[in-house]
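Enquirer: I have a structure here, written as C-alpha cells, and I will follow up with some questions on it.
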C-alpha cells in the first residue's frame with residue numbers, strides 16, 4: 001500500500017459565499033459547489049441527518065484543494081475559544097506560497113484579512129506572515145526570496 005496524494009483540507013464555515021470570494025481573491029479557483037446529504041454522508045462523517053453545502057477550491061497548479069463546508073443541518077459548532085492561536089493543539093493553519101506577500105495581503109484586506117503580527121524576513125529565503133481570513137481561519141503566506 002502506498003499513499004498517492006493529499007486530496008484536500010476541510011474548512012467548516014458559516015458564510016460559504018464569503019469564504020469562496022476570499023479564496024478566489026487569493027488565487028484559487030472554484031472547482032465545484034453542491035449540497036450533500038443522505039445515508040452515505042451520515043455514515044461517512046458520523047452525524048445523523050447531516051446536510052451541507054460544499055465548495056471545492058483548487059490551487060492554480062491543480063494539486064492543492066480546500067473543501068469549504070457550510071453545515072445546513074445540524075448547524076456548525078463553535079470551538080472554545082473562538083479564535084485559537086497557532087500553539088493550540090490540532091489543525092491550526094494552511095500555508096500558501098505567493099508571488100508578493102504585501103500585494104496579496106493588500107488585496108485580501110478588503111475581504112476581512114487581518115495580519116496577525118507582522119511580515120518577517122526568514123533568513124533571506126522567505127518573506128512570511130500569518131493572517132486571519134474569513135471566520136478567523138489562520139493562513140500563512142510565504143514569498144520565496146531566492
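Enquirer: Residues in the stretch 127-143, backbone N under 13 Å from the label point at residue 59 (7 Å along the Cα-to-beta-carbon vector): list them, ranges by number please.
Expert: Once the point is set 7 Å along Cα→Cβ of residue 59, 140-143 turn out to lie under 13 Å by backbone N, inside the stretch 127-143.
Enquirer: So, one more: Can you tell me, using C-alpha contacts under 8 Å and at least 6 residues apart, the relative contact order of the stretch 94-144 as a whole percent?
Expert: Numbers: 88 pairs, mean separation 22.3, N = 51.
Once divided by the residue count of the stretch 94-144, the mean separation gives 44 percent.
Enquirer: Let me ask another. Please compute the volume of the convex hull spanned by the alpha-carbon atoms of the chain and report it per residue in Å³. Intermediate results must be reported in sequence, preceding the final value.
Expert: Numbers: hull volume 22.2 nm³, N = 146.
Roughly 152 Å³ of hull volume per residue.
Enquirer: Another question about this same structure. For the stretch 9-73, what proportion of DSSP beta bridges, expressed in % and rounded to the nearest 5, is antiparallel? Mind dumping the intermediate values first?
Expert: On the way: 16 of 20 bridges.
Bridges in the stretch 9-73 are about 80 percent antiparallel.
Enquirer: Would you please put 55-65, 113-123 in order of how densely packed they are, using the mean number of other Cβ atoms within 10 angstrom per residue and starting with the highest? Could the numbers behind the result be given before it?
Expert: Numbers: 55-65: 14.9, 113-123: 12.0.
Ranking the peptides 55-65, 113-123 by packing returns 55-65, 113-123.
Enquirer: Mind checking the log10 I(q)/I(0) for the stretch 9-73 at q = 0.20, 0.23 Å⁻¹? Debye, one equal scatterer per Cα, no solvent, two decimals.
Expert: Taking Cα atoms of the stretch 9-73 as identical point scatterers yields -0.75, -0.92.
Enquirer: Between residue 42 and residue 116, how high is the FRET efficiency from 1/(1 + (r/R0)^6) when r is the Cβ-Cβ distance and R₀ = 30 Å? Nearest 0.05.
Expert: Details: r = 37 Å, r/R0 = 1.23.
Approximately 0.20, to the nearest 0.05.
Enquirer: Take the Cα of residue 78, step 7 Å along the line toward its Cβ, and report every residue of the stretch 10-45 whose backbone nitrogen sits under 15 Å from that point.
Expert: Of the residues in the stretch 10-45, 13-15 have backbone N under 15 Å from the label point off residue 78.
Enquirer: If one computes the Cα centroid of the stretch 94-146 and of the stretch 1-56, what distance in Å separates the two points?
Expert: What the calculation gives is 23 Å, centre to centre.
Enquirer: OK, next. What fraction of the Cα pairs in the stretch 94-144, stated in percent, has a spacing above 13 angstrom? Present the calculation step by step, with values, prior to reporting the outcome.
Expert: Working: 660 of 1275 pairs.
Roughly 52 percent, rounded to a whole number.
Coordinate-derived values only; no laboratory data. Everything numeric here is computed off the predicted structure, so don't read it as measured data. Heads up, the Cβs are rebuilt from the backbone with ideal geometry, glycines too, and the neighbour counts pull from every protein chain shown.
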